[in-house]
Amino acid sequence: DTAVSQTPKYLVTQMGNDKSIKCEQNLGHDTMYWYKQDSKKFLKIMFSYNNKELIINETVPNRFSPKSPDKAHLNLHINSLELGDSAVYFCASSSRQVISSGANVLTFGAGSRLTVL
Amino acid sequence: RKEVEQDPGPFNVPEGATVAFNCTYSNSASQSFFWYRQDCRKEPKLLMSVYSSGNEDGRFTAQLNRASQYISLLIRDSKLSDSATYLCVVNRGYGQNFVFGPGTRLSVLP
């Protein structure tokens, strides 16, 4: 069973199109995230949701709109795609509850590689 | 200046070598600390959490110095399979905000 699964794994599209990436986690976590990893491999947070409520919204163009229908799902819709949106988008989840080892951890999906032509 | 900084790398070491990675963070309110490992074209995966007293997991030892805002990772007896990018991660503690360093790439050579 995949703990954090995101689809599609690969997405190739033309500039100006609209696309969505879906994410689901079966870990029972209450917080979900979208991270972007660009060509320089730097991982940067975009959004974070806790129990369907937006709690982190970093400086991201409003062409990017996250939606969380329930705490196990967080989708990302991107309008009017631009060349600079090409990157790997990682979904992740965590729990605010401290686990027995004393620290909560972040678990990632396998990533969705978006290429805008 | 980035909130989390790491050795720029890459580190190229022979099998069996000991290698140390350094990380500094600027937000003194940071509450929890981690090392993640990312293989080429894969997702980051937790290597180990870092505790104030220092902790060890097999060949890996992590240290935290809150006063200096410094985190380290030591890998002993490097294996070829240790080749990856090592990411220092800091949790600011509010809103579950995990901040990643730029990563240090390690290549272990036969």
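Here, each number is a calculation from the coordinates, and none is a lab measurement. This one's a predicted model, so the numbers in the text were calculated from it and none came from an experiment. Neighbour counts run over all protein chains shown; Cβ positions are idealised from the backbone, glycine included.
Which condition from (1) under 27 Å from residue B:31 (Cβ atoms); (2) within 12 Å of another protein chain (Cβ to nearest Cβ); (3) among the basic types (Lys, Arg); (4) in contact (Cβ under 8 Å) with a residue 12 or more places away in the chain is the one that residue A:52 breaks?
It is condition (2) that residue A:52 fails.
Can you go through B:57, B:77 and tell me which one is within 12 Å of chain A (Cβ to nearest Cβ) and loosely packed, with under 13 Cβ neighbours inside 10 Å? Outline the logic, then answer.
Values: B:77 fails: within 12 Å of chain A (Cβ to nearest Cβ).
The unique qualifying residue is B:57.
Just for segment B:58-81: of the residues that are in contact with a Leu (Cβ under 7 Å, 6 or more places away or on another chain) and free of Cβ contacts under 8 Å to residues at least 40 places away in the same chain, which one is nearest to residue B:40 (Cα to Cα)?
The selected residue is B:60.
Return the total of residues in segment A:21-56 being part of a strand (DSSP E or B) and surrounded by 14 or more Cβ atoms within 10 Å (Cβ to Cβ).
The number of residues fulfilling the criteria is 22.
So is residue A:76 within 14 Å of chain B (Cβ to nearest Cβ) and either under 14 Å from the mean Cα position of the chain (by Cα) or closer than 15 Å to residue B:96 by Cα (or both) or not?
Criteria not met by residue A:76.
Which one is farthest from the other protein chains (Cβ to nearest Cβ), of the residues in segment A:103-117 that are within 21 Å of residue A:73 (Cβ to Cβ) and not hydrophobic (A, V, I, L, M, F, W, C)?
Within segment A:103-117, the first condition is being within 21 Å of residue A:73 (Cβ to Cβ), and the residues that meet it are A:104-114.
Okay, now just the ones that are also not hydrophobic (A, V, I, L, M, F, W, C), so A:104, A:107, A:109, A:111-113.
On the way: A:104: 7, A:107: 8, A:109: 6, A:111: 5, A:112: 11, A:113: 8 Å.
Looking at the filtered set, the residue picked out is A:112.
Find all pairs meeting these conditions: Cβ atoms under 7 angstrom apart; at least six residues apart or on different chains; first residue within segment A:58-82 and closer than 17 Å to residue A:19 by Cα; second residue basic (Lys, Arg) and part of a loop (DSSP other than H, G, I, E, B).
If the second residue must be basic (Lys, Arg) and part of a loop (DSSP other than H, G, I, E, B), the pairs left are A:68/A:52; A:78/A:63; A:79/A:63; A:80/A:63.
When you look at residue B:32, is it within 25 Å of residue A:109 (Cβ to Cβ), surrounded by 12 or more Cβ atoms within 10 Å (Cβ to Cβ), within 14 Å of chain A (Cβ to nearest Cβ) and not aliphatic (A, V, I, L, M), yes or no?
On the way: within 25 Å of residue A:109 (Cβ to Cβ): yes; surrounded by 12 or more Cβ atoms within 10 Å (Cβ to Cβ): yes; within 14 Å of chain A (Cβ to nearest Cβ): yes; not aliphatic (A, V, I, L, M): yes.
Yes; evaluated as a whole, the condition is true for this residue.
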